[in-house]
Amino acid sequence: MLTFDEYQQRVVAAARRLPSRSVAATDATDLLGLVTAEPLRSRVALPGFTNSAMDGYAVRAADVQGATADAPVSLPVTGDIPAGDTRSLRLEPRTCWRIMTGAPVPDGADAVVQVELTDGGTETVAIRSAVEAGRAIRRRGEDIEPGDEVLPAGTLLHPRHVPALLSAGVPEISVIPRPRVAIVSTGDELVEPGREPGHGQVVDSNGPMLAALAVECGFEVVAMRRVGDTGEEVRGALTELAGVADVIVTSGGVSAGAFEPLKLAFEGSGGFDFVKVAMQPGKPQGFGTLGNATVFALPGNPVSSLVSFLVFVAPAARVLAGRDPRLTTVEARVAEHWTSPPGRQQFARVVFDDDGRVVRPIGGQGSHVLGGLAGSHALAIVPADTTEVAVGETLHVIPLEGLA
C-alpha cells in the first residue's frame with residue numbers, strides 16, 4: 001500500500017505542462033484563470049500622453065508662485081480641456097486652461113492647481129495656493145515605457161491584470177490553455193439525473209459533481225459519459241475520449257470486486273497502475289495514460305470521488321495548466337473529538353465555526369454519506385499516525401469553496 005504522499009507525488013510528477021497557444025488580448029474574460037507562457041511586454045508608453053491627475057487649472061508653476069488664500073493670483077482662463085480632447089494646445093504665459101482629470105496637459109504647462117484651491121472661475125480664476133512644478137501631472141511613460149515587461153511569464157491572470165493587458169498595445173498573448181477534462185461514470189446501475197431510479201439503480205451524481213469540480217478548479221469539461229460494466233465498453237469510451245481530452249476522470253470500477261470495469265479494461269496493460277493508498281476515503285486508485293491523455297480512475301463512492309479529485313486530479317491538472325500544484329490549506333483548531341483509522345491519512349468532512357478558525361466534524365465519515373458532504377465546509381487532514389483527534393488540536397484543512 002502506498003502512502004498518500006507517495007501516490008500524490010507520483011501523479012503530480014507525471015504531469016507535463018501543456019503547449020502554449022496565442023489568444024487575442026481583447027478576449028480578456030477568456031484569459032482569466034490562464035497562465036502566461038511568455039513575458040508580456042508593452043508596445044506603447046503608459047500613460048500614452050501627459051495628462052492631468054485631477055480637475056483644476058493647467059498653469060505654469062512660476063505664474064502662481066506666492067499665491068495664498070489672502071493674496072490670490074488671478075489668471076485669465078483660455079478655455080476648457082475635457083477628457084478625450086484630441087487637440088494640440090498650448091499654454092501662454094500668465095494664462096491658464098481649465099482642465100479635467102485624464103485630459104491632455106497643454107504644451108507649456110508644468111502643473112495643475114486642483115479646483116478646490118481656486119474660486120472655480122470660468123473666465124478669470126483666483127488661485128489661492130502656490131504649486132510646485134509637476135503637481136497633479138501624469139507624465140507620458142511614467143508608468144510603463146515601450147518594451148517594459150508588463151506581466152512576467154507564469155502569471156495567473158486575474159481581473160486586476162486586465163487593464164495593463166489591454167493597454168499594452170499587444171494584439172495577442174501567449175498562454176497555457178486550460179486542461180480539457182472528460183468525465184466518465186461507470187456502472188450498469190447508473191441512470192441519468194432527472195430519471196427516477198428503479199430497484200437496484202442509482203442516479204449518476206458523480207459525473208455532474210466531478211464536472212462541476214473541474215469547472216470550479218478552472219479546467220474545461222469537454223465530455224461527460226456513462227458506460228456499463230464491461231471492459232470493452234469502458235476501453236472503447238476512453239479510447240475515443242483520449243482524442244479530445246488532456247485528462248480523463250472515471251469514477252467506479254477500481255475496487256477489489258468481481259465486476260470492476262476499469263480493471264477489466266486496463267489491468268495488466270503497461271500504461272496503467274491500480275493501487276491502494278493509505279487514506280480515508282479513497283483507498284483504491286488507478287492512474288495511467290491513454291494516447292496523449294492522462295487517466296485518473298477514482299473510486300465510485302461520491303465522497304471518495306470528490307476527495308480523490310481534489311488531492312490527485314486537481315494538482316496534476318494544475319501542472320498541465322502551468323499553475324502551482326499545491327493544495328490551498330488553512331489552519332484551524334478542533335472543537336469536537338473524533339476518531340481516525342490507524343495507518344491511513346484521513347480527509348474528514350468538517351464545518352467551520354468562529355470565522356473559519358475552528359472546525360468540527362459533520363455527519364458520518366463513511367464514503368457514501370451525502371448529507372454530511374453537502375453540509376461540509378472543508379476537509380480536515382488527519383495524519384496517518386493519528387487515531388484520536390483531540391479538542392484544541394490544530395489541523396490543516398482544505399476549504400471546499402474557492403477551489404480555483
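Residues in the range 389-397: is at least one of a type in the set (Gly, Ala, Ser) and not in a loop (DSSP other than H, G, I, E, B)?
No, the range 389-397 contains no residue that is of a type in the set (Gly, Ala, Ser) and not in a loop (DSSP other than H, G, I, E, B).
Quick check on the range 46-56. Is at least one of its residues in a loop (DSSP other than H, G, I, E, B), modelled with pLDDT under 95 and among the hydroxyl-bearing types (Ser, Thr, Tyr)?
So far as the range 46-56 goes, no, none of its residues is in a loop (DSSP other than H, G, I, E, B), modelled with pLDDT under 95 and among the hydroxyl-bearing types (Ser, Thr, Tyr).
For the range 7-45, what are the residues that are assigned to a helix (DSSP H, G or I) and free of Cβ contacts under 8 Å to residues at least 24 places away in the same chain?
GLN9, ALA13, THR29, ASP30 - these are the residues of the range 7-45 that are assigned to a helix (DSSP H, G or I) and free of Cβ contacts under 8 Å to residues at least 24 places away in the same chain.
When you check ARG17 against the structure, is it closer than 29 Å to THR294 by Cα and in contact with a Pro (Cβ under 7 Å, 6 or more places away or on another chain), yes or no?
no
Looking at the range 179-193, is at least one residue outside any helix (DSSP H, G or I), under 25 Å from PHE49 (Cβ atoms), of a type outside the set (Lys, Arg) and within 22 Å of the chain's Cα centre (by Cα)?
So far as the range 179-193 goes, no, none of its residues is outside any helix (DSSP H, G or I), under 25 Å from PHE49 (Cβ atoms), of a type outside the set (Lys, Arg) and within 22 Å of the chain's Cα centre (by Cα).
Evaluate the range 11-30: report whether one residue or more is surrounded by 13 or more Cβ atoms within 10 Å (Cβ to Cβ) and either among the aromatic types (Phe, Trp, Tyr) or more than 39 Å from the chain's Cα centre (by Cα) (or both).
no
Quick one: is PRO208 farther than 30 Å from PRO146 by Cα and in a helix (DSSP H, G or I)?
When the stated conditions are applied, PRO208 passes them.
Checking ALA153 against (1) touching a residue at least 24 places away in the same chain (Cβ under 8 Å); (2) crowded, with 18+ Cβ neighbours inside 10 Å: exactly one of these is not met. Which one?
Every listed condition holds for ALA153 apart from (2).
Among the residues of the range 89-120, what is the count of those that are in a strand (DSSP E or B) and surrounded by 13 or more Cβ atoms within 10 Å (Cβ to Cβ)?
Of the residues in that region, 10 qualify.
Can you name the condition, by its number, that THR86 falls short on among (1) assigned to a loop (DSSP other than H, G, I, E, B); (2) buried (at least 16 other Cβ atoms within 10 Å of the Cβ); (3) among the β-branched types (Val, Ile, Thr)?
(2)
I need a count of the residues in the range 297-340 that are of a type in the set (D, E, K, R) and within 17 Å of VAL389 (Cβ to Cβ).
3
From the list VAL184, VAL170, VAL222, VAL203, which residue is in the same structural domain as GLU38 (by TED's automatic domain parsing) and in contact with a Lys or Arg (Cβ under 8 Å, 6 or more places away or on another chain)?
VAL170
Can we say GLU216 is within 30 Å of VAL254 (Cα to Cα), in the same structural domain as VAL249 (by TED's automatic domain parsing) and buried (at least 16 other Cβ atoms within 10 Å of the Cβ)?
no
Considering ARG357, ARG349, ARG318, which residue is buried (at least 19 other Cβ atoms within 10 Å of the Cβ) and farther than 30 Å from THR289 by Cα?
Matching residue, one of ARG357, ARG349, ARG318: ARG349.
For the range 193-209, indicate whether the set of residues that are under 17 Å from LEU298 (Cα atoms) and modelled with pLDDT under 90 is non-empty.
Yes; the residues of the range 193-209 include at least one that is under 17 Å from LEU298 (Cα atoms) and modelled with pLDDT under 90.
Write out, first by first residue and then by second, each pair whose Cβ atoms fall under 8 Å of each other, whose residues are 6+ apart or on separate chains, and whose first residue, in the range 351-376, is over 15 Å from HIS396 (Cα atoms) and assigned to a loop (DSSP other than H, G, I, E, B) while the second is of a type in the set (A, V, I, L, M, F, W, C) and at pLDDT below 75.
These pairs meet every condition: GLY363/VAL369.
Test PRO341 against the stated conditions and say whether it is farther than 15 Å from HIS396 by Cβ, in a loop (DSSP other than H, G, I, E, B) and outside the structural domain of GLY392 (by TED's automatic domain parsing).
Against the criterion (farther than 15 Å from HIS396 by Cβ, in a loop (DSSP other than H, G, I, E, B) and outside the structural domain of GLY392 (by TED's automatic domain parsing)), PRO341 does not qualify.
Please go through the range 379-404 and give me each residue that is touching a Leu at 6+ places or on another chain (Cβ under 8 Å) and small (Gly, Ala, Ser), ordered by number.
ALA380
The values are calculated or read from the model by the stated rules, or taken from the named source; none is laboratory data. Given the structure is predicted, the values throughout are model-derived calculations rather than measurements. Cβ atoms come from the backbone with ideal geometry, glycine included; neighbour counts cover every protein chain shown.
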